[in-house]
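Visitor: Input: one structure, supplied below.
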Amino acid sequence: MKRRCAWAGSFISPRPPPGRQEFLELVKDLTHLLEMTDVRLALNTCVDEALLNAENPDHVIVATGALPLTPPIRGVDAKHVVQAWDVLAEKVQAGKKVVIIGGGAVGVETALFLAEKGTLSPEAVTFLLLNRAESPETLRRLASKGSKEVVLIERMDTVGQEIGKTTKWGMRQEIARSGVVVRTGTRALEITREGVTVQCGEEMDTLSADTVVLAAGALPVDPFSEWLERKGASVSVVGDAKGIALAFDAVHQGFAAGRAVE
């Protein structure tokens, strides 16, 4: 068996995307609860056949997450094309003009994350407002309009369909304030050096872009359960490794799998 590792979603980002601050509190809470147990942590460790044989577990819970999907679009392998997860994790830098392909939760989060670049911090707004350095309207614009031009395209008629109702409302309001251009019912046909060729209905258009961000979904990653089952091991698969779903589902599936271990 080859050495394989997988990671999932924006939980590992240095900071949560706009509108997802509750995730940071969830991570802090789970980390604190984990520290109160006698669970042995093995960080920065790749799992392979030798490690599994050495541990010789009675039961294995596979929570290896997912990997981002690369859509079959001509030009998708160009150097200025990056994955949304890498943008959120700040592994790559986006240019001034950005086109994001995919209007699901990750696409919306990435659009807001990039649109926030170059905006005034709350502390700066407070300082300038108290000192009457700028008008309230100017401060509002500087706090909401960043330095990047972000276009979000989605094939469906709406964006963020899988986002919870309360969070979705807030994120849509933030999209409107931040100046992100949303184009629904739009399909990416080709990525070129100049940008992205798209189709909306019968009309074709080219969207200018320095950076093209892929947010086209994810694929479950489970490199272990089939091999473990062939060896007769007891296995549970949870989270995105089982099927792409919400963080809520992943946490509850993991909890249920842990309780079921005898």
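The values are calculated or read from the model by the stated rules, or taken from the named source; none is laboratory data. Predicted model only: the values in this text are computed from it and were never measured. All Cβ positions, even for glycine, are placed from backbone atoms using ideal geometry, and neighbour counts span all protein chains on display. Areas reflect the complete protein model, heavy atoms only, side chains present, ligands, DNA and RNA absent. Shrake-Rupley method; radii C 1.70, N 1.55, O 1.52, S 1.80 Å.
Visitor: How high is the FRET efficiency from Thr126 to Asp249, r the C-beta distance, R0 25 Å, rounded to 0.05?
Guide: Once the sixth-power term is evaluated, E becomes 0.05.
Visitor: Then there is this: Per the Cauchy relation, a quarter of the hull surface: what is the mean projected area of the convex hull of the alpha carbons in segment 79-138, in nm²?
Guide: 5.4 nm²
Visitor: At Asp205 and Arg155, where each label point lies 7 Å from the Cα along Cα→Cβ, what is the point-to-point distance in nanometres?
Guide: Inter-label distance under the simple model: 1.9 nm.
Visitor: Quick one: Kirkwood hydrodynamic radius for segment 205-251, alpha-carbon pairs, angstrom, one decimal?
Guide: 13.7 Å
Visitor: A further question follows. Write down the percent of antiparallel bridges among all DSSP beta bridges whose residues are both part of the chain, to the nearest 5.
Guide: 40 percent
Visitor: Let me ask something else about it. Would you please give the residues with an amide H less than 5 Å from that of Arg183, counting only those at least 5 places away or on a separate chain, with H modeled from the backbone geometry?
Guide: Under 5 Å from the amide H of Arg183 lie the amide H atoms of Leu152, Ile153, Glu154, each far enough along the sequence or on another chain.
Visitor: Here is a further query. Cross-link candidates for Lys242: which aspartates and glutamates have Cα within less than 12 Å, leaving aside residues fewer than 8 places away along the same chain?
Guide: Excluding near neighbours in sequence, the set is Asp222.
Visitor: Over all directions, average the projected area of the Cα convex hull of segment 156-262 and note it in nm². Show your work: numbers first, answer last.
Guide: Numbers: hull surface 42.3 nm².
Approximately 10.6 nm², given one-decimal rounding.
Visitor: Can you give me the % of accessible surface on the chain that is carbon or sulfur? Probe 1.4 Å, all protein chains present, nothing else counted.
Guide: The nonpolar share, carbon plus sulfur, comes to 53 percent.
Visitor: Are any of the pairs Lys79/Lys117; Lys28/Lys91; Lys79/Lys168; Lys28/Lys96; Lys97/Lys117; Lys79/Lys148 more than 24 Å apart by Cα-Cα distance, and if so, which?
Guide: From the list (Lys79/Lys117; Lys28/Lys91; Lys79/Lys168; Lys28/Lys96; Lys97/Lys117; Lys79/Lys148), the Cα-Cα distance tops 24 Å for Lys79/Lys168; Lys28/Lys96.
Visitor: So what is the 222 nm mean residue ellipticity for the chain from helices alone, if each DSSP H run of at least 4 adds -39500 (n - 2.57) and you divide by all residues, rounding to the nearest 500 deg cm²/dmol?
Guide: The helix contribution divided over the chain gives -10000 deg cm²/dmol.
Visitor: Please work out the Cα convex hull volume for segment 126-203 and give it in Å³ per residue. Before the final figure, lay out each step's value.
Guide: Numbers: hull volume 10.5 nm³, N = 78.
Given the Cα convex hull of segment 126-203, per-residue volume reads 135 Å³.
Visitor: Divide the volume of the convex hull of the Cα atoms of the chain by its number of residues and quote the answer in cubic angstrom per residue.
Guide: 163 Å³
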